[in-house]
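Read the structure below first, then the notes.
The values are calculated or read from the model by the stated rules, or taken from the named source; none is laboratory data. The structure displayed is predicted, hence computed values, not measured ones. So basically every Cβ, Gly included, is an ideal-geometry build from the backbone, and we count neighbours across all protein chains shown. For accessibility, only protein heavy atoms count, side chains too; no ligands or nucleic acids. Shrake-Rupley method; radii C 1.70, N 1.55, O 1.52, S 1.80 Å.
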Amino acid sequence: MKKILTAILAAAVVCTSLFALAGCGNSSKNSDSKSSGSSSSEKGELHMATNASFEPYEYQEGGKVVGIDAEIAQAICDKLGYKLVIDDMEFDAIITAVTSGKADFGMAGMTVTDERKKSVDFTDPYTNAIQAIIVNESDSKVSSKKDLEGATVGVQLGTTGDVYVTDVKDAKVERFSKGADAVLALTQNKVDAVVIDNEPAKKFVEQNKGTKILDESFKNENYAICLKKGSDLTEQFNKALKELKDDGTVKKIIDKYIKA
């Protein structure tokens, strides 16, 4: 009996030792896995919400979103150690994507307005822009900003052009999901004018013969990056953006797409 008990105890000791070793092995594996993850040079992904129909700020080329905003966003993410992922969507869905957490930030030639500040935080501006007025070269009843009163005006849904034209006295606002669709409606005489940002306006006029941009601009404004209210990223983005402005990176990117 004594021999049997001794044998049982010995077996128990061996099993306990084996389990202990197995436990150490698993712990070491988990530790290695965590260590491997934390040693990555990237902190993770940041999703940028944009509307890639706003050349030269963002547009599709070879199946990829390119442009001023795409390059500035990439420079910021590189500086902060994040991988950039760009999500293309309708312009008026961008703020919702940011506030819901579907996207980490929005960048789409977006103007800072008091109304938008109610929903999101903005970084410092990275450039300024002009709201331009596009008309047909011949037989246009719109030759100045004042003439938009009582006219039918095409805008891109959810843009500041949409907001500003809504306040024009007696103007009938026709909203389109894309700026290009608004300009097409102009060429078909379905609207009297289109109000949209100046740089995309130049591209649209190049692509649509018989249209022109009025010398008188509609409004001046600043572009910035929008983030969820209270996001820790806002301060990080501002710091990175300042460094990229100071070292000339932002200007170099803008000059690449917009010739002086």
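Using a 1.4 Å probe, what is the accessible area per residue for segment 86-178, in Å²? Before the final figure, lay out the partial values.
On the way: 4370 Å² over 93 residues.
Per residue, segment 86-178 has an accessible area of 47 Å².
Using each residue's phi in segment 104-111, evaluate 6.51 cos²θ - 1.76 cosθ + 1.60 at θ = phi - 60° and report the 3J(HN,Hα) Karplus result to the nearest Hz, with x for Gly and Pro.
7, 7, x, 8, 7, x, 8, 7
If I take every Cα pair under 8 Å that is 6 or more residues apart in segment 175-260, average their sequence separation and divide by the length, what percent do I get for the relative contact order?
Numbers: 26 pairs, mean separation 14.2, N = 86.
Across segment 175-260, relative contact order equals 17 percent.
Against the empirical 2.2 N^0.38 Å scaling, what ratio does the C-alpha Rg of segment 119-171 come to? Before the final figure, lay out each step's value.
Working: Rg = 13.9 Å, N = 53, 2.2 N^0.38 = 9.9 Å.
The reported ratio for this selection is 1.40.
In vacuum, with every alpha carbon of segment 76-124 counted as one equal point scatterer, what does the Debye formula give for log10 I(q)/I(0) at q = 0.20, 0.21, 0.29, 0.33 Å⁻¹? Two decimals, please.
-0.75, -0.82, -1.28, -1.39
Determine ³J(HN,Hα), in whole Hz, for all residues of segment 182-197 in sequence, where each value follows from phi through the Karplus function 6.51 cos²θ - 1.76 cosθ + 1.60 and θ = phi - 60°; x replaces Gly and Pro.
Once rounded to whole Hz, the list reads 5, 5, 4, 4, 5, 5, 9, 6, 8, 9, 8, 6, 10, 10, 7, 4.
Near GLU61, within a Cβ-to-Cβ distance under 14 Å, what is the net charge of the other residues, with Lys and Arg +1 and Asp and Glu -1? Each step should come with its number before you reach the end.
Working: positive: LYS64, LYS203, LYS256; negative: GLU55, GLU58, ASP69, GLU71, ASP88.
Summing Lys/Arg as +1 and Asp/Glu as -1 gives -2.
Are there GluC sites (Glu not before Pro) in segment 97-200 that DSSP marks as loop and that have at most 10 other Cβ atoms within 10 Å, and which are they?
Values: sites: GLU115, GLU137, GLU149, GLU174; in loops: GLU137, GLU149.
When the GluC sites (Glu not before Pro) of segment 97-200 are filtered for loop state and at most 10 Cβ neighbours within 10 Å, GLU137 remain.
Please calculate how many Å² of accessible area segment 39-83 carries per residue, with a 1.4 Å probe and no DNA, RNA or ligand atoms counted. It would help to have the intermediate numbers written out before the result.
Working: 1920 Å² over 45 residues.
With the other protein chains kept in place, segment 39-83 gives 43 Å² per residue.
Just the number, please: carbon plus sulfur as a percent of the accessible area of segment 55-150, 1.4 Å probe, no ligands or DNA/RNA counted.
On the way: 1810 of 4320 Å².
The computed percentage sits at 42.
Quick check: Cα centre of segment 63-131 to Cα centre of segment 142-159, how many Å?
26
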